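Novice: Structure in structure tokens, see below.
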Amino acid sequence: MSGTIAAEPWDSGDGVRLRRDMQVELAARYNMPDQETEPPTAETVSVFLIARDPGGDATGCGALRLLDDGTAEIKRMYVTPQARGTGVAIRILRALEDHARLHGISSLVLSTGVKQPDAIRFYEREGYQRFDGYGPYVGEPLAKCFTLQLS
């Protein structure tokens, strides 16, 4: 599936809708509301990308939040159910990686959850390595953390 991936405002209508849909899906998977201690905001993300299909419909999103020491965290990676398996997630991930490289980021980290085996397989397939965690995810039993060293 072709289309575009571009930076858009965090609070754009499609961005708000995609993040809400993601939260609804995760709440159903984990049978609880979002427990994130430090949710990203317009002020804390360095870029928010939205993927659109050729007709202009938003099909996915992803963001980067800068941490310290040349590291950025991937946040709010989400692809609509109807666009899954079409390459949208890979295109968003590559665009986030490219953005990070352009801004001098040397490594990426992310956290997904034990009840998201599709996400775990995706990140492993895309070369991300599991590690013990970072920040609020250290020792969190529901979290699976990954990292990628950028070249």
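The values are calculated or read from the model by the stated rules, or taken from the named source; none is laboratory data. Quick caveat: nothing in here was measured; it's all calculated off a predicted structure. Cβ sites come from the backbone with ideal geometry, for glycine too, and all protein chains shown count toward neighbours. Only protein heavy atoms, including side chains, enter the accessible area calculation; ligands, DNA and RNA are left aside. Shrake-Rupley method; radii C 1.70, N 1.55, O 1.52, S 1.80 Å.
Novice: Where residues in the range 36-48 are more than 16 Å from Val16 (Cβ to Cβ) and not in a loop (DSSP other than H, G, I, E, B), which of them is farthest from the chain's Cα centre (by Cα)?
Specialist: Selected residue: Ser46.
Novice: Which pairs do you get when a residue that is farther than 17 Å from Asp69 by Cβ, found in the range 126-151, comes within reach of a residue that is among the basic types (Lys, Arg) and open to solvent by less than 80 Å² (accessible area, probe 1.4 Å), reach meaning Cβ atoms under 8 angstrom, with the pair 6+ apart or on two chains?
Specialist: Hits for this filter: Arg130/Lys144.
Novice: In addition: Going residue by residue through the range 1-17, is there one that turns out to be touching a helix residue (DSSP H, G or I) at 6+ places or on another chain (Cβ under 9 Å), in a loop (DSSP other than H, G, I, E, B), more than 23 Å from Cys145 (Cβ to Cβ) and of a type in the set (A, V, I, L, M)?
Specialist: Yes: one or more hits.
Novice: Right, next: How many residues are open to solvent by 30 Å² or more (accessible area, probe 1.4 Å) and of a type outside the set (D, E, K, R) if we restrict to the range 39-67?
Specialist: 10
Residue-wise test of (1) more than 19 Å from Asp53 (Cα to Cα); (2) charged (D, E, K, R).
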| site | (1), (2) |
| --- | --- |
| Thr80 | no, no |
| Val88 | no, no |
| Arg91 | no, yes |
| Phe122 | yes, no |
| Glu126 | yes, yes |
| Tyr134 | yes, no |
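Novice: Of all residues being open to solvent by 20 Å² or more (accessible area, probe 1.4 Å) and touching a residue at least 24 places away in the same chain (Cβ under 8 Å) in the range 85-99, which is nearest to Glu126 (Cα to Cα)? Just the residue, please.
Specialist: Ile90
Novice: So, one more: When the range 14-28 is examined, which residues are found to be open to solvent by 70 Å² or more (accessible area, probe 1.4 Å) and farther than 20 Å from Gly56 by Cβ?
Specialist: Within the range 14-28, Val24, Ala28 qualify.
Novice: Okay, moving on. For the range 105-125, give me each residue that is within 15 Å of the chain's Cα centre (by Cα), open to solvent by less than 30 Å² (accessible area, probe 1.4 Å) and in contact (Cβ under 8 Å) with a residue 24 or more places away in the chain.
Specialist: Correct list: Ser107, Leu108, Val109, Leu110, Thr112, Gly113, Ala119, Ile120, Phe122.
Novice: Filter the range 68-83 for residues that are in contact with a Ser or Thr (Cβ under 9 Å, 6 or more places away or on another chain) and at pLDDT below 95; which is most open to solvent (accessible area, probe 1.4 Å)?
Specialist: Asp69
Novice: Further question: If a residue counts only when it is not aromatic (Phe, Trp, Tyr), which strands (runs of 3 or more DSSP E) contained entirely in the range 49-151 have at least 3 such residues?
Specialist: The strands (runs of 3 or more DSSP E) meeting that bar are 58-66, 71-79, 107-113, 143-149.
Novice: Continuing with the same structure: Whether any residue in the range 63-76 is of a type in the set (Gly, Ala, Ser) and under 24 Å from Met32 (Cα atoms) is what I want to check.
Specialist: yes
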